[in-house]
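None of the figures in this text is laboratory data; all of them are computed from the coordinates on show. Note that the coordinates shown come from a computational prediction; the quantities given were computed from them, not determined experimentally. Heads up, the Cβs are rebuilt from the backbone with ideal geometry, glycines too, and the neighbour counts pull from every protein chain shown.
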DNA sequence: GCTAAACTGGAATCCGTATTCCAGTTGAGT
DNA sequence: ACTCAACTGGAATACGGATTCCAGTTTAGC
């Protein structure tokens with residue numbers, strides 16, 4: 001029922017997407033159409049046409065990178081105890097960021113519809129983990145879930161930006177110590 | 001002994017700088033030469049010439065904004081007990097960010113020599129406050145000063161980015177609870 | 001007040017980057 | 001194998017934004 005697209009077009013679409021996600025994950029990559037074209041071996045025109053414009057391509061690449069992360073949050077929420085799920089997710093998020101060094105740096109600065117939506121998805125998923133943990137008594141309850149969600153979302157990305165494992169570990173230590181309910185008076 | 005500059009040139013330099021700092025502090029401002037020119041009432045050429053190029057102008061504007069903040073850290077370090085100095089400084093930093101809404105958002109994304117240097121100054125000042133507090137037993141000592149410095153620097157900016165007072169308050173609460181030494185085993 | 005030099009506004013230019021265009025090529029149906 | 005529509009590479013174009021240029025204006029020294 002969809003449009004009958006040629007095999008090479010489908011393949012090139014995939015190549016363009018792959019190149020875009022790769023550049024998005026690299027530290028100081030340029031992220032121009034030309035760079036994506038060079039990386040993928042395609043012509044500039046083909047890259048642009050693949051998704052109907054550069055912005056749509058970037059949106060798709062961001063979605064491709066973040067969707068698994070969001071899915072993982074759901075998995076953990078379903079399979080682990082609330083406190084443990086949150087803890088595990090944040091640890092994995094740090095690893096993810098370390099593996100995709102340039103992601104968050106490239107991410108903010110982008111004001112594209114799909115990118116914004118994906119980020120919102122992620123924030124919602126984290127918010128859910130937090131709400132569960134708090135309901136379960138694993139987190140201090142003297143702060144609203146909304147504040148904690150934004151707080152953790154922002155700081156996690158900021159810390160993981162340059163992906164030092166020591167820094168990430170220190171962050172998680174401080175964060176969970178600060179979130180612990182025994183300490184909230 | 002310096003070059004004999006005309007009074008109007010000096011005045012226009014100040015106007016350009018003022019307009020640039022103003023735009024830098026605004027949420028979604030564009031920060032183009034033309035925008036600065038419009039805001040200051042000057043011509044585009046004059047704006048560019050004022051500091052010898054757009055980049056130098058931005059650097060100067062960033063310096064003008066951050067220098068007082070760095071100075072304030074020194075003041076507090078000299079006048080208050082270490083723990084209290086750190087606490088007070090971070091609270092003031094939150095206020096500062098709230099008052100200059102767009103600053104941190106505009107700041108990262110800029111890769112200019114002066115801007116980088118100013119940021120380093122600020123980080124050094126915060127590092128000093130942290131080192132003092134830690135030496136004084138006010139902060140957990142199971143984490144290196146360097147990690148705490150980067151950690152706090154990054155997260156403070158990230159949190160204050162959109163300047164909600166509630167969020168800032170929640171951040172400070174969680175942060176200091178997490179940094180407290182009684183909690184570090 | 002006069003003059004030379006500094007300075008100004010803003011138009012023209014330049015530059016980097018996304019998009020469009022088109023002559024040639026490739027894939028898919030027959 | 002043949003045909004034609006879809007697709008491709010990459011050159012040409014469009015476009016936003018910084019810089020440069022210059023005819024006119026203002027300042028500072030005399």
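Within the set B:148, B:129, B:122, the sole residue that is closer than 25 Å to residue B:54 by Cα and either assigned to a helix (DSSP H, G or I) or under 12 Å from the mean Cα position of the chain (by Cα) (or both) turns out to be B:122. If I filter the range B:79-97 for residues that are more than 30 Å from residue B:179 (Cα to Cα), surrounded by 13 or more Cβ atoms within 10 Å (Cβ to Cβ) and more than 12 Å from the chain's Cα centre (by Cα), do I get at least one hit? No, the conditions are met nowhere in the range B:79-97.
Pick from B:64, B:56: which is more than 13 Å from DNA strand D (Cβ to nearest atom) and surrounded by 15 or more Cβ atoms within 10 Å (Cβ to Cβ)?
Numbers: B:56 fails: more than 13 Å from DNA strand D (Cβ to nearest atom).
When all the criteria are applied, what remains is B:64.
Report, by residue number, each residue of the range A:143-161 that is more than 8 Å from chain B (Cβ to nearest Cβ) and touching a residue at least 40 places away in the same chain (Cβ under 8 Å). Write out each step before concluding.
At the first step, the residues of the range A:143-161 found to be more than 8 Å from chain B (Cβ to nearest Cβ) are A:145-146, A:149, A:152-153, A:156, A:160.
Answer for the range A:143-161, where residues must be more than 8 Å from chain B (Cβ to nearest Cβ) and touching a residue at least 40 places away in the same chain (Cβ under 8 Å): A:152, A:156, A:160.
All conditions in (1) more than 16 Å from DNA strand C (Cβ to nearest atom); (2) away from chain B (no Cβ under 14 Å) hold for residue A:94, with the sole exception of (2). Where helices (runs of 4 or more DSSP H) sit wholly within the range A:10-80, those with at least 1 residues that are more than 14 Å from every other protein chain (Cβ to nearest Cβ) and away from DNA strand C (no atom under 13 Å from the Cβ) occupy A:33-40, A:54-79. Checking the structure you have, find out if any residue of the range B:162-169 is away from chain A (no Cβ under 12 Å) and assigned to a helix (DSSP H, G or I). Within the range B:162-169, none of the residues are away from chain A (no Cβ under 12 Å) and assigned to a helix (DSSP H, G or I). Screening residue A:133 on (1) away from chain B (no Cβ under 12 Å); (2) surrounded by fewer than 18 Cβ atoms within 10 Å (Cβ to Cβ) shows it passes everything except condition (2).
Kindly check whether there is at least one residue in the range B:93-100 that is assigned to a loop (DSSP other than H, G, I, E, B) and touching a helix residue (DSSP H, G or I) at 6+ places or on another chain (Cβ under 8 Å).
As a first pass, look at the range B:93-100 and keep what is assigned to a loop (DSSP other than H, G, I, E, B): B:100.
This time we only want the ones that are touching a helix residue (DSSP H, G or I) at 6+ places or on another chain (Cβ under 8 Å), so: B:100.
Yes, the conditions are met somewhere in the range B:93-100.
Determine which member of the set A:140, A:119 is surrounded by 15 or more Cβ atoms within 10 Å (Cβ to Cβ), touching a residue at least 40 places away in the same chain (Cβ under 8 Å), closer than 30 Å to residue B:144 by Cα and within 14 Å of chain B (Cβ to nearest Cβ). Can you show your working first?
Values: A:119 fails: closer than 30 Å to residue B:144 by Cα.
When all the criteria are applied, what remains is A:140.
Please determine, by comparing only the residues of the range B:9-29 that are within 11 Å of DNA strand D (Cβ to nearest atom) and loosely packed, with under 13 Cβ neighbours inside 10 Å, which one is farthest from residue B:99 (Cα to Cα). Out of the qualifying residues, it is B:9.
Residues in the range A:101-116 that are in a helix (DSSP H, G or I) and free of Cβ contacts under 8 Å to residues at least 12 places away in the same chain: A:116 alone.
Against the numbered list (1) touching a residue at least 40 places away in the same chain (Cβ under 8 Å); (2) crowded, with 18+ Cβ neighbours inside 10 Å; (3) near DNA strand D (Cβ under 9 Å from one of its atoms), residue B:37 comes up short only at (1). All conditions but one from (1) more than 9 Å from chain A (Cβ to nearest Cβ); (2) part of a helix (DSSP H, G or I); (3) surrounded by 21 or more Cβ atoms within 10 Å (Cβ to Cβ) apply to residue B:174; the one that does not is (1).
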